[in-house]
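Student: Dropping a structure here in structure tokens format, bear with me for questions.
The values are calculated or read from the model by the stated rules, or taken from the named source; none is laboratory data. Everything numeric here is computed off the predicted structure, so don't read it as measured data. Virtual Cβ from ideal backbone geometry, glycine too; neighbours counted across all protein chains shown.
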Amino acid sequence: MISANLLAVFYLISGILFILALRGLSSPETSRQGNLFGIVGMAIAIIVTIISVGNFSTGFLYLIILLLIGGSIGAFIAFKIPMTAMPELVAGFHSLVGLAAVFVAISAFLNPEVFNLGSPGNIKIASLIEMSLGASIGAITFTGSIIAFLKLRGIMSGSPITFSGQHLLNLILGISLVGLIFFLCKTQSNNLFWTVVVISFLVGILIIIPIGGADMPVVISMLNSYSGWAAAGIGFTLENTALIITGALVGSSGAILSYIMCKGMNRSFFNVILGGWGATDQSSSKDSKEQKPVKSGNADDAAFLMKNASSVIIVPGYGMAVAQAQHALREMVDALKKNGVKVSYAIHPVAGRMPGHMNVLLAEANVPYDEVFELEEINNDFANCDVAYVIGANDVTNPIAKTDPQSPIYGMPILDVEKSKSVLFVKRSLSPGYAGIDNDLFYRDNTLMLFADAKKMTEDISKLL
Amino acid sequence: MEIDPFIFRLSIFILSIFIGYYVVWSVTPSLHTPLMSVTNAISSVIIVGAIIAALAGENSNVFDTANIFGYLAIILAAVNIFGGFLVTQRMLAMYKKKKKDKK
């Protein structure tokens, strides 16, 4: 057995270790050590909890078995998952945290004595509010993440699903959730508690379906944040410092990431959440196409240009992930470096489907992280660069964001690709990107379109180098 | 006059939000994906609630409904803890500097 005070100290220690785990991520060198701190913190929290419960009978045996089962599943997924599938993996994991929060809240509601919260039908009001908030946010996280997972995995179409009265419905459901929680506190009714959970599941689905594929970085960060708040809600219910600290950390982390992603698109959070960007603009831009001349080239042209360049900047985007072209790209860059070309990578904050998506893929392909730069760090270098190689990115390079106030992406920070002497743009066709607008860059004199699959084109070029 | 323990927890919560705010802003953007996977792993500390739910109420019957939900939550959180930390580890191991440190 372990005294309540000592237990609280141990939970505080694991909370601090979690803070250090995040702190470690400030640079790649310290990050691995940080992860270790996180693991130790988790181990401490689990072990002291088991000791404090002090039940080593059959239940303990089940606990160990379940830990092993869950742990092996988790480990198996962690080792097998390809890096390109990281966004859906993270979405999937968020859904598990959400559901676990719901389950713990249900358990606390059904059996409050265990957690010293009163007796069934007579739970402390504060605890009831905390657990229903935890359950509700957890449920929203669960179904929301499932939808995000399905969209990212391509099982469900990435295009926004909208219907009339959608926002009104969400509003009504949101208000009714608040009302239900209020009445739940008054009546302590089981049915009301279950209704709160079910409505929250529904809300989770409804708020994510209208959000399109390329807005997924915001959605994933937002769900990350929710899973934190759900954990914090449960932490208040269980009066557990480790959970409260962790919930706050994760919640603010997700919120900051959502903010960075929104800023990367120059859109407000509500604009993203209320959905449907591409849906409205697609029609307007299509008519002007086909009229403007486009220069297109092949791998020979591209190889010639890059071989004779002194500096090349690579601009990867989601298309690189789809084509799994990161390894081919690294090989091409190696060949370029052998020719004495200086190569760096430029990453837009919202490139890919989750924050830092491109960085992970490049790291997987053994690209040293000190050759990879963020938008602010590298944007001025385009003016002095000979060739910009755009692979799988589109909207984030569109100069129209700087010039046309009518454009939906006006004001979005973009990579100044057009300032480089020549632009090689690898793309399957001239079709507009996610925002549904034509990219001005296609028609520039210094742009050479390479119409091909990103991976194939990159491989062809490296053969010629 | 006594202060409600809730206020203490609230203080911890709010101060932790501030810590989170400053710590996360100092995370380098290239590590944002590992940041998400590790925050995901640590939020599975909710497993402590699951363990209490599963084990502490076990006086009469192991398979009381409340306990079953506890056990289910343990599995989910375990998947997350192992999966989250290991996948983070795997990602972080890939971040290398220029040629100097060869594998």
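Student: Give region A:434-451 a look and list any residue that's without any contact (Cβ under 8 Å) to a residue 60 or more places away in the chain and assigned to a loop (DSSP other than H, G, I, E, B), or say none.
Tutor: A:ASN439, A:ARG444, A:ASN446
Student: Check A:HIS348 against each of (1) surrounded by 17 or more Cβ atoms within 10 Å (Cβ to Cβ); (2) at pLDDT below 90 and name the one condition it does not meet.
Tutor: Here A:HIS348 meets the rest and fails (2).
Student: Report every pair of residues separated by at least 6 positions or lying on different chains whose Cβ atoms are under 6 Å apart, first residue within region A:363-376 and facing chain B (nearest Cβ under 7 Å), second in a loop (DSSP other than H, G, I, E, B) and of a type outside the set (Ser, Thr, Tyr).
Tutor: Note: pairs meeting the criteria are A:PRO368/B:LYS96; A:PRO368/B:LYS97; A:PRO368/B:LYS98; A:ASP370/B:LYS97; A:ASP370/B:LYS98.
Student: Search region A:54-69 for residues that are β-branched (Val, Ile, Thr) and pair each with any residue that is surrounded by 19 or more Cβ atoms within 10 Å (Cβ to Cβ) and at pLDDT below 90 when their beta-carbon atoms are under 9 Å apart and the residues are at least 6 apart or on different chains.
Tutor: Once the first residue is β-branched (Val, Ile, Thr) and sits in region A:54-69, its partners that are surrounded by 19 or more Cβ atoms within 10 Å (Cβ to Cβ) and at pLDDT below 90 give A:THR58/B:GLU58.
Student: Now for a different question. Just checking, which of A:LEU6, A:LEU22 is within 7 Å of another protein chain (Cβ to nearest Cβ) and not polar (S, T, N, Q)?
Tutor: A:LEU22
Student: Then there is this: Could you tell me whether region A:56-71 includes any residue that is loosely packed, with under 15 Cβ neighbours inside 10 Å, facing another protein chain (nearest Cβ under 7 Å) and assigned to a helix (DSSP H, G or I)?
Tutor: Yes, the conditions are met somewhere in region A:56-71.
Student: Could I ask something else about it? Which one of these does A:ILE220 not meet: (1) modelled with pLDDT under 90; (2) part of a helix (DSSP H, G or I)?
Tutor: Among (1) modelled with pLDDT under 90; (2) part of a helix (DSSP H, G or I), the lone unmet condition for A:ILE220 is (1).
Student: For region A:223-268, name all the residues that are more than 8 Å from every other protein chain (Cβ to nearest Cβ) and at positive phi.
Tutor: Hit for region A:223-268 is A:ASN266, nothing else.
Student: Being farther than 22 Å from A:MET306 by Cβ and among the β-branched types (Val, Ile, Thr) is the filter; apply it to region A:347-362 and report the residue that is nearest to the other protein chains (Cβ to nearest Cβ).
Tutor: For region A:347-362, the residue satisfying everything is A:VAL360.
Student: Scan region A:72-88 residue by residue and report those that are surrounded by fewer than 24 Cβ atoms within 10 Å (Cβ to Cβ) and of a type in the set (A, V, I, L, M).
Tutor: A:ILE73, A:ALA75, A:ILE77, A:ALA78, A:ILE81, A:MET83, A:ALA85
Student: Another question about this same structure. Whether any residue in region B:21-42 is within 7 Å of another protein chain (Cβ to nearest Cβ), more than 23 Å from A:ASN359 (Cα to Cα), surrounded by 24 or more Cβ atoms within 10 Å (Cβ to Cβ) and among the hydroxyl-bearing types (Ser, Thr, Tyr) is what I want to check.
Tutor: no
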